[in-house]
Amino acid sequence: MSTPTSINAGQAVGFHYVLTVQTRTGEQLTVSSVATFDPALFSRSQAYQEIRAIAADELGHGDFTVLFFSLEPDAF
């Protein structure tokens, strides 16, 4: 279980994400990296849409099912 992290509005924060998807043909892709978002400007849903677009770019299409998604502040 993760410990809540204090995030200041108006300040860009690095978030580590992991997204695993599967296409209709069974191909799976996992993307994982750190993205910087300002929590005052980006909701979790907006961050998800941005990260989903990254997976779609890597696959060359957006016709897939999301199997797993994790988004956490990239902090110690």
Computed from the mean reciprocal separation of all distinct C-alpha pairs, what Kirkwood hydrodynamic radius does the chain have, in Å? 13.3 Å
Computed lengthening from Ala12 to Glu50, 0.36 nm per intervening residue step minus Cα-Cα distance: 12.1 nm
For the chain, what is the charge dipole size about the Cα centre, in debye to the nearest 20, if Lys and Arg each add +1 at the Cβ and Asp and Glu each add -1 at the Cβ? 180 debye
Residue-averaged [θ]222 nm for the chain, counting only DSSP H segments that reach four residues, each worth -39500 (n - 2.57): -7000 deg cm²/dmol
Over the chain, what percent of the accessible surface lies on carbon and sulfur atoms, probe 1.4 Å? 50 percent
Return one number: the angle in degrees, 0 to 90 and rounded to the nearest 10, between the long axis of the Cα atoms of helix 44-59 and the longest principal axis of the Cα atoms of the chain. 40 degrees
Suppose all protein chains stay in the model; what accessible area per residue would a 1.4 Å probe give for the chain, in Å²? 68 Å²
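The values are calculated or read from the model by the stated rules, or taken from the named source; none is laboratory data. None of the values given here were measured: they were computed from a predicted structure. Cβ: placed from backbone, ideal geometry, glycine included. Neighbour counts: every protein chain shown. For the accessible areas, the whole protein counts, side chains as well, though only heavy atoms, and no ligand, DNA or RNA atoms are used. Shrake-Rupley method; radii C 1.70, N 1.55, O 1.52, S 1.80 Å.
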